[in-house]
1. Using a Debye calculation, one point per C-alpha and no hydration shell, please list log10 I(q)/I(0) for the chain at q = 0.11, 0.15 Å⁻¹ in order.
2. Could you work out what % of the accessible surface of the chain is carbon and sulfur, using a 1.4 angstrom probe and leaving DNA, RNA and ligands out of the count?
3. Report the charge-dipole magnitude of region 2-261 in Debye, nearest 20, computed about the Cα centre from +1 at each Lys and Arg Cβ and -1 at each Asp and Glu Cβ.
4. Of Lys184/Lys233; Lys174/Lys233; Lys233/Lys262; Lys29/Lys261; Lys118/Lys150; Lys113/Lys192, which pairs sit farther than 19 Å apart, going by alpha carbon to alpha carbon?
5. Could you tell me which chymotrypsin sites (Phe, Trp or Tyr not before Pro) in region 186-262 are loop residues by DSSP with no more than 15 other beta carbons within 10 angstrom of their beta carbon?
6. Residues with amide H under 5 Å of Phe2's amide H, sequence separation 5 or more or different chain, H placed in the peptide plane at 1.01 Å from N; which?
7. Evaluate the Kirkwood expression for the hydrodynamic radius of region 215-262, namely the inverse of the mean inverse distance over all pairs of different C-alpha atoms, and round to one decimal in Å.
8. Taking the solvent-accessible surface of protein heavy atoms with a 1.4 Å probe, what is the per residue accessible area of the chain in Å²?
Amino acid sequence: MFIIGELINGMYANIGKAIREKNKAEIQKCALEQIKCGADALDVNCGPASKEPITDIQWLVEAIQEVTDVPISLDSSKPQVIESGLKAARNKVIINSVTADPDKLDILVPMAKQHNAKLIALTISAKGIPKDKDQRLELAATIVADCIDKGFPVEDLFLDPIVLPLNVAQAQMKDILESIHEFKIISDPSPKTIVGLSNVSQGTNARSLVNRTFLTMAAAYGLDAAILDPLDKDLMDAQITAELILNKHIYCDSFLYAYRKK
C-alpha cells in the first residue's frame, strides 16, 4: 500500500507554530520521522490558520526537499495554492485534491497533466457528500470520464470515496468499503483508490483501533493508498500484516522487520 504521511499540516500545533516562525528544522524533523516509519510520500497542508498559504506552501516544499526526495502531496482546496507549490517542487508531486465539480476539474486536471503529477479526486460535489454507494460511483465515473476526455492518465488518478466518522455515519461504512472495490471497474486501466484514514475515527475514544481496523478491511476491498499517521506503529503493523494475509508479500517469521527493511 502506498502510504502518504499526514503530519505536515498547519492544523497541528507544532507544525502551525513552525510555519509561523519559519522553523525549518521542525518541518524537516517531521518529514524524516514519517519516512523512517514507512511513509512513501508526504502530504503538505498549510492549515486553515495560515495567513499566506501561497508563500507558506512554497516554503514548506523547499524545506522538505532539502532533506528528502520523496513525492510531496500538495494539499489545498485552493488551486492557486497548489499552483504555487508546484512552482517550488523539484521532485514527484501529487495534487490533493480535485472534486467532481466542473470548475475544479477544468483547472486541476490540466494542471496535473502539465506537471506530470498524480491526482487525488474526492467523490464529492457542490451538492455535498454522497449519501450512498450509487452516488459515490456516479461522481467517480464523472471524474474518470473527465480525465479521459482531457488526456490525463487514469492510472495516475486516485479516487477517494470520502470516509466519514464512524460515530456519526456508521450506516455508511459498508457502502464506503464497497465503493473502493467498485471504483476499480469503472475503466480499463482502472483508477487507484485512496482514503484519508483519520476521518473514520474522528471524535471516537479509540482512534488508533478504529483506524487500523478500517484500514485492514479497506485493504481487503482493494485499497491502494492511504493518508495516515505513519508514526502509529500498531496501525503500520496492521497494514503490513493485512497485505501479508492478502498474499502481497512472502511470509517469514520476521515479516514486519523484513517489510520495513525493504
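The values are calculated or read from the model by the stated rules, or taken from the named source; none is laboratory data. The shown structure was predicted, so the numbers you read here are calculated from the model rather than taken from an experiment. Ideal geometry is used to build each Cβ from the backbone, glycine not excepted, and the neighbour counts take in all protein chains shown. Protein only, heavy atoms only, side chains kept; ligands, DNA and RNA dropped before computing areas. Shrake-Rupley method; radii C 1.70, N 1.55, O 1.52, S 1.80 Å.
1. Values returned for q = 0.11, 0.15 Å⁻¹ are -0.59, -1.14.
2. Answer for the chain: carbon and sulfur cover 53 percent of the accessible area.
3. Dipole size: approximately 460 debye.
4. Pairs exceeding the cut-off: Lys184/Lys233; Lys174/Lys233; Lys29/Lys261.
5. In loop regions of region 186-262 (DSSP not H, G, I, E or B), the sparsely surrounded chymotrypsin sites (Phe, Trp or Tyr not before Pro) are Tyr251.
6. When sequence neighbours closer than 5 places are left aside, the close amide H contacts are Ala225, Ala226.
7. 11.2 Å
8. Here the per-residue accessible area is 48 Å².
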